[in-house]
1. When the residues of segment 16-35 are filtered to those that are farther than 20 Å from residue 4 by Cβ and in a strand (DSSP E or B), which remaining residue is most open to solvent (accessible area, probe 1.4 Å)?
2. Give the residues of segment 353-403 that are in contact (Cβ under 8 Å) with a residue 40 or more places away in the chain, assigned to a strand (DSSP E or B) and open to solvent by 80 Å² or more (accessible area, probe 1.4 Å), sorted by residue number.
3. Out of the residues in segment 93-120 that are of a type in the set (A, V, I, L, M) and at pLDDT 90 or above, which is surrounded by the fewest Cβ atoms within 10 Å (Cβ to Cβ)?
4. State the number of residues belonging to segment 295-307 that are out of contact with any Pro (no Cβ under 9 Å at 6 or more places or on another chain) and either assigned to a strand (DSSP E or B) or open to solvent by less than 30 Å² (accessible area, probe 1.4 Å) (or both).
5. Among the residues of segment 481-496, which ones are of a type in the set (Lys, Arg) and open to solvent by less than 50 Å² (accessible area, probe 1.4 Å)?
6. Would you call residue 192 farther than 18 Å from residue 567 by Cβ and either at pLDDT below 90 or of a type in the set (Lys, Arg) (or both)?
7. Please enumerate the residues belonging to segment 69-105 that are over 28 Å from residue 45 (Cα atoms), touching a strand residue (DSSP E or B) at 6+ places or on another chain (Cβ under 8 Å) and part of a loop (DSSP other than H, G, I, E, B).
8. Just give me the residues in segment 524-544 being without any contact (Cβ under 8 Å) to a residue 12 or more places away in the chain and surrounded by 14 or more Cβ atoms within 10 Å (Cβ to Cβ), in sequence order.
Amino acid sequence: MPSYLQIEHISKSYGPKVLFEDISFNVNEGDKIALIAPNGSGKTTLMRILSGKDYSDSGGKVLFLKDIRIAFLEQDYPFDPSRSIMDQILSDSREWTGHLDAMQKEEYSLRIIRHLTNFGLPDPGKAMGQLSGGEVKRVAITRLLAAEPDFMILDEPTNHLDIDAIEYLEDLLGRSRRTLLMVTHDRYFLDRVCNIVMDLDHGAIYTYRGDYENYLEKRQERIENYNAETDKVRNLLRRELEWMHATPCARSGKAKYRKEAFYRLQERSEAVYRTGTVDLGDMATSVRLGRKVIDCKRLSFSFGDNCMVRDFSYSFQKGEKVGIVGPNGVGKSTFVRLLAGDIPDGGEVSGIIERGESLRIGYYRQEGMDFDEDQTVLETVSDTRLLGRFLFSHDMLDTRISKLSGGEKRRLYLLTILMKQPNLLILDEPTNDLDIVTMDVLEEYLGEYEGTLLMVSHDRHFLDRLAGHLLVFEGDGRVKDYVGPFSEYRELMKARPKAVAAKLPKPEPVKQIRSDRANKLTFKEKRELEQLDKEIEALTAEKGEISQLLEGGTADYEALQRASSRFVEIGKLLDEKEMRWLELSEKE
């Protein structure tokens, strides 16, 4: 396979901190590489060097094959808020579309519409300034996908995407033969897209073919071999030390090269490989919680005509671990704000929220970091023991917050919350910007956590490992409950209801107010269930036809826009009708 990218002897340091030193590697055609490393190790810096926005301290070389098209996806996408989505994409693509003929430009526009539609953005005329952060990310990815480059370099492509968007991108990249180099913390995405794991570790690069589990096994073998070699060096050092401590007369005749070798040996003997892990220990023990956590009774909240929560009743229980899921913008973050007692300005709230007297809430907000950027790590958290357990080494204690990476800030923010030992922990998108190692250990901690856990997340691995029960936000204030792992729920939603009817899991009793649920279907509900079967079948068939039209790209621009809008509308209708079908089936 020809080489698409050659990295030769590049290094990067910031003051005394060495991110990487004299690293070299190749990316070959067809490689799908996941680059992983602890926060602050230099992943994003390396990506910026590849994109030409930063440079290597030591010179070195970054060589791309001349005749390939390369596309970069950075974490932040610069845009003009006054431009429409389509104008923004076309403006950003001007450099490479200038040589295209009229037909090729039309085909490019159609690809943009198709990807926007599948990402839930059917209106290419909408202003960029009206989009949420997750929608802006989808526009950035659409620009990259529609260009159909030979080589894609992606920095955290799943950050701020909802699960529908993640799975669409995952399926597209998994089937594609294009070459990829990406930074990602999403373990399911990594395994389903990538065939190589590249580890940036202690300033060096190590490459492993296979999935994430294989990488963990091989990495551990490498560490054990390195430490075993260190033990051998120490044995040899003891013999050399005896030689160095010989009489002054004998020492005067020692060969210069042997003394130099001794000092090199001494330095190597001190190099024990220690893997960085977050040791949370007894922090998993929360403050004692009484019988009542939070009781919601007919809770509703809306901004004007936009209803975020409608008539919601639920009693959260001690020790319960609840995943809060749904598309972007349907009210998940607003909901947990209400539970925490933070009522958004300009909204209307009704119903009752009763909180236990002994409740101590730890609330990790999606946009909640409020550090003094001029303070040091130690000035922010004065407990050096806790900082050490959270991977903040002694030489980082005097580092100003402004100098930390995004992931390091997130880790410090998480520490400030967990150190208070809350008995109700609310996590709003905690996995964004955290490295995989930190997430693995965080999951271990949360698995042992004794309090009540509520987590808003789009990370499927995180939800599967922790959440035993889901609150599903569908939009327009509708919230449904599901008992079971997230992946099971997700597969159930994807499948045709008739095909899975015989295999539906029996829901466990949920400790929730359900006074409005009868034991059997009424005659009217039976007729509704029969009608739902027909409607779901018809909508599914129509969605398939529109999907073929969009994929074919043979229709004109206006027809594709109409088809795009109907495709999104059908998706919403199917979600609503399939959820109602499940409710009636459970009742039956």
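The values are calculated or read from the model by the stated rules, or taken from the named source; none is laboratory data. If you're wondering where the values come from, they're calculated on a predicted model, not measured in any experiment. Cβ atoms come from the backbone with ideal geometry, glycine included; neighbour counts cover every protein chain shown. We work out accessible area using only protein heavy atoms, side chains counted, and drop any ligands, DNA or RNA first. Shrake-Rupley method; radii C 1.70, N 1.55, O 1.52, S 1.80 Å.
1. Out of the qualifying residues, it is 21.
2. Once the filter is applied, which keeps residues that are in contact (Cβ under 8 Å) with a residue 40 or more places away in the chain, assigned to a strand (DSSP E or B) and open to solvent by 80 Å² or more (accessible area, probe 1.4 Å), segment 353-403 yields only 355.
3. Per the criteria, the residue is 112.
4. Going through segment 295-307 one residue at a time, the tally reaches 9.
5. Across segment 481-496, the qualifying residue is only 490.
6. Yes; evaluated as a whole, the condition is true for this residue.
7. Passing the criteria: 82, 83.
8. Answer for segment 524-544, where residues must be without any contact (Cβ under 8 Å) to a residue 12 or more places away in the chain and surrounded by 14 or more Cβ atoms within 10 Å (Cβ to Cβ): there is none.
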